[in-house]
Every structure is written in structure tokens, then in C-alpha cells.
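I have placed the structure first, in the form of C-alpha cells, so that the comments after it can refer back to it.
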Amino acid sequence: MGRTLQNTMINLGLQNACDEAVYQLGLDMEELEEIEEDAGLGNGGLGRLAACFLDSMATLGLAAYGYGIRYEYGIFNQKIRDGWQVEEADDWLRHGNPWEKARPEYMLPVHFYGRVEHSASGAKWIDTQVVLALPYDTPVPGYMNNTVNTMRLWSARAPNDFNLRDFNVGDYIQAVLDRNLAENISRVLYPNDNFFEGKELRLKQEYFVVAATLQDIIRRFKASKFGSTDSVRTVFDSFPDQVAIQLNDTHPAMAIPELMRIFVDIEKLPWDKAWDITKRTFAYTNHTVLPEALERWPVDLVEKLLPRHLQIIYEINQRHLDHIASLFPNDVDRLRRMSLIEEGNTKRINMAHLCIVGSHAVNGVAKIHSEIVKTQVFEDFAALEPEKFQNKTNGITPRRWLLLCNPGLAELIAEKIGEDYVRDLSQLTKLHKFVDDDLFIREVAKVKQENKVKFALYLEKEYKVKINPSSMFDVHVKRIHEYKRQLMNCLHIITMYNRIRRDPAKLFVPRTVIIGGKAAPGYHMAKMIIKLINAVAQVVNNDPMVGSKLKVIFLENYRVSLAEKVIPATDLSEQISTAGTEASGTGNMKFMLNGALTIGTMDGANVEMAEEAGEENLFIFGMRVEDVTELDRKGYNAQLYYDRLPELKQAVDQIKSGFFSPKDPNLFSDVVNMLFHHDRFKVFADYEAYVKCQEKVSELYLNSKAWTKMVIRNIAAAGKFSSDRTIKEYARDIWHVEPSDLKIPPPNEPRDAGQDKTPNGTAA
């Protein structure tokens, strides 16, 4: 979520009033804002997308709740020591959190372990361990519409009789100390992005948030007029018309068997009725196609922790496979491929398959990704129910990612086209009229320059490095992962360095290359990539032959509040994942909206950015998905590129020989070995096209006016990438609710009696 103070002031229309009031108290608002900790309760893009969605849902007047876990420790703080990433605990609650309100009156029990007893009256899950879920509510204000929604985060608490209720040996002290075991569930966020780690504590977290949330939803449903029993209908007949639940990836997939358990075991609905309601309630968003990221939980673990849920999953699977077998008799391989259970050394539950079978809608997060989902990853399921599969291209909230972080540009745009664009970003197309307006061109360039100077000052203060603010700010910030190819950027840096040294007199367009992002603590290769970038920076930044022509900076502890500083100052946005690997990306959109140009592959939302702005207004290079597929078919041989491209060979040899690590020449042997022998993401295959494309970037940067005109064309085309548009599509195509433009009257004004009724009772 990042910080809340400034976002709240902006959405309430109070920023100027607060700035002025605080100034009159002799304080500086910006200094105050810097004191607030980021709420870093997620990893990378998936968590930030949820935060943007909350802002848009409130702004569109949807009755929507965001549910999650109130981690005591969020994503680790990253320190760079001697070029290596070191993790520190993120004790973000140390000084308290003024934005949250504990709601002990809504505390709920969550059960684990135990066993299942079957009887004539049905299944009973008994002898369980109980953990209490204590909700904390954080307000989510819409933009200038007097709507405030709720983000409800659950914290784990041990019941007071924990370890004391059973005949115990009287070790009271130990029993109280053991309360920590229960409360560890909400202690810490698992720091993996796009990687599955099948740990018991993680599964506990996933079930914990699901079980508490579903009880909360059902309590709210029963308390509403729709939940009151009607002699004709079952209490839950109207449930899917009143409740929509969106599964953000497979992490909350246990919600599907949990809702079935509630309907069948507790509410005593017949299976078919319960399954119909469940399917109509859930929809699933897929966020990645990387096989190592797909959740596949061992059956043994689920059986131990959630024995009843395993039985329900088996029953869902049995009925699912019976259906497939009736449509495709004797096709055993299809049954194997489509089963929720994967046979093998350890039997596993494929959570994505569970989500697809248990949902009425499945979507990818960019056109190209949704196509890959349909035609490759889940092709058997899409063949069966093509109407179930949709696309919902991701977006970003223009409140945080333009108004808050780039007030200079936001104001400049408002002067030209009015202020309405903040709620309807498609209006940015009106800027096309000004693409040849010399004054506007100069003003856009001036805002960018001011942002660069401000960020350069920040870098000097934090990193003690002198930055040339007129150099091109070339920025690559995102989680560190092989598929995102920070290594390819690194090879380009080394290539530029070698060119400067080879011909110091030759004209060189000065660059400050900024790379930032966290590596999962257990991801060895990602940590080596960070070390390599820092080792290269050490050499480049201290070479007198290079001077101010090329500087390399690794941005420590990249997070939302740092993104808000670096993105408005960026000239060139690096979006260079191997085609077919980045589901969407959202950083790409933030840079586009803030006046950076994009160098990128035809991957994720880059494809649609090029479609909106015109491919000639982005620097697109490299293999397309088809080329990658073809190269896989032929067999990728890295050695070929190394032998054919002298500059690539020189750069790789320098890494290999210890040029960047003289004290330990073999330091990067793992990296080099990977690049030659098991590079799934084909860095060498795109190197030549990337370097050539970068030359075109430098050439355009020399012509400030032509560069800025391209920037304006990009900003004018960024309207599609508002999360408001994304959420309208979810509301229309999946949740079946109507967004309302109505501004609720403020609480100090009397409301008309007629205004009490909400047309859209559905809560998403």
C-alpha cells in the first residue's frame, strides 16, 4: 500500500489546506510525509495491483472490500553491504499505525488440524486447534466522492485457553509462551515473487485469511435483507447475486473448498446446490505463467492441516473428471492433464486447476498473457469452456501515480485539458492537440528536468554520488528475477563502458543507469545479479576515463515511496523481459504516464502500450513470442551468439576473468555458467537487438524537442492504463455491478430519504 497520508489528503481534496495549516505551524509537510513508514504487505506487482484496485473501487463507488493479512513484518528492508543484498526485518508497526482500527467485536475463530467424523447427519471436522482472527480496518477513500471503503486485514491471536484447556501437566508458563505458535501465522510476509515455496506456515496463512474472510462475508450477507429466510427460497439462493469474490492469483484458492464446507457441512445444503452457488460466486485472476510460480501443495500436508478440505477437493475432482470422461471417453491422458491432483513422487494439488474448475470466470492481466493462458497453460480447460476465459488488462491509479508523485506534470496537464482527466484518464488523448505546441513542449521538458534535479539531490544525499542531471536517466526498477533480465541491462552497461574506453573522444550521450529491486532471500542467482551490478558500478563510477559520461547506481530498498520519487525523474523505462514471461507489468504504465519513453520487448502490457501510442513511439526490440517458441524448438545455443558478437564476448569475458571482481576472479562463475548452459530467458539471443535499439534511444535523446514530442504522444496514449478502466471491466464482465458516478453528500449535509437505497447491493 505504501504511505497513506498524502493519498488521503489528495482523495479528500484537503492537500492544499493541510499544507498551508502545517506551514503556519512552522512545519514542512514534505518532511512530515517522509516520517511515515511504507505498508509493504505484498511482493512486487501483484500486491501493488491490489492497492491500485482498492483506490479505483472506492473512486467508482463500488461497495467493495479488500481482505488480507496484517503482517507484523512486511517485505524485508534491503541493505546493500559491500555490494551484497542483506535483509533486515521490516518492523513497520514499531511506532504504531494511525490508519488502522482494531475491531475485536468482529473477531472470528479459524480451525486447523483435527480429524473428520462421518455420520448420518453429515461430516464433522473435530478435535481442531483454534486460532482467532482479529480484524483491523483501514479506510480506503475514493477520489473526491465522499466514499470510504474498507481494507480489512486479519491478525492471528491465540485463544485465552490456548494449551490450557486440555488436561495439562500444569506448566502454565510454557502454555502462555506457546501462544506465540498460534500468533506466528500473521508474523511475517513470505518474500517470494513469482516463486512457490510449499511451507506449512504459508499454507496456514493462506487458509487463515480465507476462513476468516468467508465467515465475515457470510455474517454480513445473513445480516442483510437478502439473507433473511424466505419460505420459498433457500437462504443462500441469492448469495452469488449479492456477493462476488475475486481470487487474486491462487493464494486464496482454499476459499473454494472452504465455502463448500460451510454450505454442505454447516448449512446442510445439497452438494449440487452448494457447488452451483460456489462457482457463481468465485472468479480467478491468473498472474503468471512461470511453472515455478504455480502453487502445487503436497496432499500429505493438506491432509494433516485441513483434512476436511482435502476430502472436499477429492470430491470436486471426482465429479470434474467424471464430466471430462463423459465428454472424452478413453482419453486417459486428458484426465491426467486436467486433474486437480498431480500424481508423482509426492501427490500434489494443482491450485490453478482448482481455481478454474471452481470459478465462473478466469482472466489474464494483458491481452498477450490471456492468449497464452488460453492457448498454452490451460488449453484443455479453455477448449472445454471457452466462454469462461477473459482478459482484463491491468492498470494503475492516476491519483497516486500522477497527482501524488508528479504534481508538476499533473498541473501542466490540467492547465491544457482541465481537471476531469483524473477520474477519466481517457481524456489524456486531448493532449494530442498540443504535440506541436512549442510552449507546451518546453513546459513538459522543464517539469521533467525539475524532477530529475530533485531526484539527483536525493541520490547525492543518500548515496554520496554526484549525478549529472542533464544525463539520460535510464531506469530499471522491479523485483530482481532472471526473466526480467536485469543481466541484459548489465551487459549493455559493460558494452557502453567498453565503447567509452575504446574511443574516449567520440561523442557519447551521457547516461545515469539506475537499477533497483529486491531479490527473494533464497534466490541465489538474483542475489548474484545484484552483486554483479554493484561490482560493475564500482569499476565504471571510479574510472577517470569515463568521468560523468556514465554512472551506475543500484537503488537500495526499492519500495512504493521510492518509486514515487524515481519514476517522475525517469527518461528511459526498461521493460525487457523475455517475450511471453511478464504477464502484464504495471511499472511500465507508471513510467509512460510520467513522461518516460519505453525500451521494451513485445511482452505483457508493453504490447498494448505500443498499440495505443503507435509502435514508432516506443523503442521495441527483440524476439516476439513466436520467435522464442521457434528458438526453443530449434534449441537455444548461447555459445553461437558469444562467438558471433565481439562486444558480447568482451563483456562476458570481463565478467568471467574477474575484471569486475579482482579479489575473487571466479566470483561470477555461476552467472556466466548459467548464461551459457541453462539460460531459460535467452539473454544472449536479444543482446544485439537490445544494444542497437539503445543506440537509437541515445540518438533521439540528442534532439530534445523530438524526444519531448514522443513523450507527449506517450502521455496522451496512457489513458487506457488507468485501473479505473480495469475495474469498470471487472465490474461489468465478471462481478455484474454498476459503478456509480454519484458523489455521496458529505456527512454534515442531510441526505434525501430516497438516497438511502443503493442500486448495487453486490459487494465485490
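The values are calculated or read from the model by the stated rules, or taken from the named source; none is laboratory data. Nothing here was measured: the structure is a model prediction, and the numbers come from that model. Positions of Cβ are backbone-derived with ideal geometry, glycine not excepted, and every protein chain shown enters the neighbour counts. Remember, those area values only see protein heavy atoms, side chains included, never the ligands or the DNA or RNA. Shrake-Rupley method; radii C 1.70, N 1.55, O 1.52, S 1.80 Å.
Taking the residues in segment 335-359 that are open to solvent by 40 Å² or more (accessible area, probe 1.4 Å) and not polar (S, T, N, Q) as candidates, determine which candidate is modelled with the lowest pLDDT.
Out of the qualifying residues, it is Gly344.
Taking Met623 as meeting all but one of (1) in a loop (DSSP other than H, G, I, E, B); (2) buried (at least 24 other Cβ atoms within 10 Å of the Cβ), write down the number of the exception.
Here Met623 meets the rest and fails (2).
Condition (residue is part of a loop (DSSP other than H, G, I, E, B), surrounded by fewer than 17 Cβ atoms within 10 Å (Cβ to Cβ) and of a type outside the set (A, V, I, L, M)) applied to segment 213-228: is it met by at least one residue?
Yes.
Among the residues of segment 703-724, is any touching a helix residue (DSSP H, G or I) at 6+ places or on another chain (Cβ under 7 Å), farther than 30 Å from Ala445 by Cβ and either open to solvent by less than 20 Å² (accessible area, probe 1.4 Å) or not hydroxyl-bearing (Ser, Thr, Tyr) (or both)?
No: segment 703-724 contains no residue that is touching a helix residue (DSSP H, G or I) at 6+ places or on another chain (Cβ under 7 Å), farther than 30 Å from Ala445 by Cβ and either open to solvent by less than 20 Å² (accessible area, probe 1.4 Å) or not hydroxyl-bearing (Ser, Thr, Tyr) (or both).
Inside segment 164-191, can you point out the residues that are over 23 Å from the mean Cα position of the chain (by Cα) and of a type in the set (S, T, N, Q)?
Asn168, Gln174, Asn180, Asn184
Pick from Leu108, Leu60: which is over 30 Å from Ile515 (Cβ atoms), buried (at least 20 other Cβ atoms within 10 Å of the Cβ) and in contact with a Lys or Arg (Cβ under 9 Å, 6 or more places away or on another chain)?
Leu60 is the lone residue from the list that is over 30 Å from Ile515 (Cβ atoms), buried (at least 20 other Cβ atoms within 10 Å of the Cβ) and in contact with a Lys or Arg (Cβ under 9 Å, 6 or more places away or on another chain).
Looking at segment 384-428, which of its residues are open to solvent by 40 Å² or more (accessible area, probe 1.4 Å) and free of Cβ contacts under 8 Å to residues at least 12 places away in the same chain?
Within segment 384-428, Glu385, Glu387, Pro407, Glu411, Glu415, Glu419, Asp420 meet the criteria.
One line per residue, one yes/no per condition, for (1) of a type in the set (S, T, N, Q); (2) at negative phi:
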| residue | (1), (2) |
| --- | --- |
| Gln449 | yes, yes |
| Phe473 | no, yes |
| Glu482 | no, yes |
| Arg485 | no, no |
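For the list (1) modelled with pLDDT of 95 or more; (2) closer than 17 Å to Tyr701 by Cβ; (3) open to solvent by less than 30 Å² (accessible area, probe 1.4 Å); (4) among the aliphatic types (A, V, I, L, M), I need the number of the one condition that Ile467 fails.
Exception for Ile467: condition (1).
Yes or no: Ile173 among the β-branched types (Val, Ile, Thr), over 26 Å from Val299 (Cβ atoms), open to solvent by less than 50 Å² (accessible area, probe 1.4 Å) and not assigned by the TED database to the domain that holds Arg261?
No.
Determine if segment 573-588 includes at least one residue that is in contact with a strand residue (DSSP E or B) (Cβ under 7 Å, 6 or more places away or on another chain), more than 24 Å from Gly40 (Cβ to Cβ) and surrounded by fewer than 24 Cβ atoms within 10 Å (Cβ to Cβ).
Checking segment 573-588: not a single residue is in contact with a strand residue (DSSP E or B) (Cβ under 7 Å, 6 or more places away or on another chain), more than 24 Å from Gly40 (Cβ to Cβ) and surrounded by fewer than 24 Cβ atoms within 10 Å (Cβ to Cβ).
Read through the list (1) open to solvent by 10 Å² or more (accessible area, probe 1.4 Å); (2) not in a loop (DSSP other than H, G, I, E, B), then give the number of the only condition that Val289 fails.
In the conditions (1) open to solvent by 10 Å² or more (accessible area, probe 1.4 Å); (2) not in a loop (DSSP other than H, G, I, E, B), Val289 misses (2) alone.
Residue by residue, here is whether (1) under 18 Å from Asn97 (Cβ atoms); (2) open to solvent by less than 50 Å² (accessible area, probe 1.4 Å); (3) within 21 Å of the chain's Cα centre (by Cα) holds:
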{"residue": "Asp127", "(1), (2), (3)": "no, no, no"}
{"residue": "Val130", "(1), (2), (3)": "no, yes, no"}
{"residue": "Tyr143", "(1), (2), (3)": "no, yes, no"}
{"residue": "Arg152", "(1), (2), (3)": "yes, yes, yes"}
{"residue": "Ala156", "(1), (2), (3)": "yes, yes, no"}
{"residue": "Asp193", "(1), (2), (3)": "no, yes, yes"}
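Got a sec? Which of Asp276, Asp272, Asp265 is farther than 22 Å from Ala382 by Cβ, acidic (Asp, Glu), open to solvent by 40 Å² or more (accessible area, probe 1.4 Å) and at pLDDT 95 or above?
None of the other options fit; the residue is Asp272.
Hey, Tyr73 hits all of (1) open to solvent by 50 Å² or more (accessible area, probe 1.4 Å); (2) farther than 30 Å from Asn534 by Cα; (3) in contact (Cβ under 8 Å) with a residue 60 or more places away in the chain but one; which does it fall short on?
Among (1) open to solvent by 50 Å² or more (accessible area, probe 1.4 Å); (2) farther than 30 Å from Asn534 by Cα; (3) in contact (Cβ under 8 Å) with a residue 60 or more places away in the chain, Tyr73 violates only (2).
Ile368 passes all but one of (1) in a helix (DSSP H, G or I); (2) over 20 Å from Pro252 (Cβ atoms); (3) without any contact (Cβ under 8 Å) to a residue 60 or more places away in the chain; which number fails?
The one condition Ile368 does not meet is (3).
Can you go through Leu459, Leu428 and tell me which one is under 27 Å from the mean Cα position of the chain (by Cα), aliphatic (A, V, I, L, M), part of a helix (DSSP H, G or I) and within 22 Å of Gln78 (Cβ to Cβ)?
The conditions single out Leu459.
Answer yes or no: is there a residue in segment 656-663 that is open to solvent by less than 80 Å² (accessible area, probe 1.4 Å), under 30 Å from Ala583 (Cα atoms) and assigned to a helix (DSSP H, G or I).
There is no residue in segment 656-663 that is open to solvent by less than 80 Å² (accessible area, probe 1.4 Å), under 30 Å from Ala583 (Cα atoms) and assigned to a helix (DSSP H, G or I).
Can you pull out the residues in segment 242-269 that are part of a loop (DSSP other than H, G, I, E, B) and on the phi < 0 side of the Ramachandran plot?
Answer for segment 242-269, where residues must be part of a loop (DSSP other than H, G, I, E, B) and on the phi < 0 side of the Ramachandran plot: Ala244, Thr250, His251, Pro252, Ala253, Met254, Glu267, Leu269.
Is it the case that segment 302-310 has a residue that's modelled with pLDDT of 95 or more, closer than 30 Å to Ser584 by Cα and either in contact with a helix residue (DSSP H, G or I) (Cβ under 6 Å, 6 or more places away or on another chain) or surrounded by 17 or more Cβ atoms within 10 Å (Cβ to Cβ) (or both)?
No - not one qualifying residue is present in segment 302-310.
So that you can scan it fast, the table gives a plain yes or no per residue for (1) closer than 20 Å to Glu30 by Cα; (2) hydroxyl-bearing (Ser, Thr, Tyr):
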| residue | (1), (2) |
| --- | --- |
| Lys448 | yes, no |
| Val453 | yes, no |
| Ser470 | no, yes |
| Val477 | no, no |
| Glu482 | no, no |
| Arg485 | no, no |
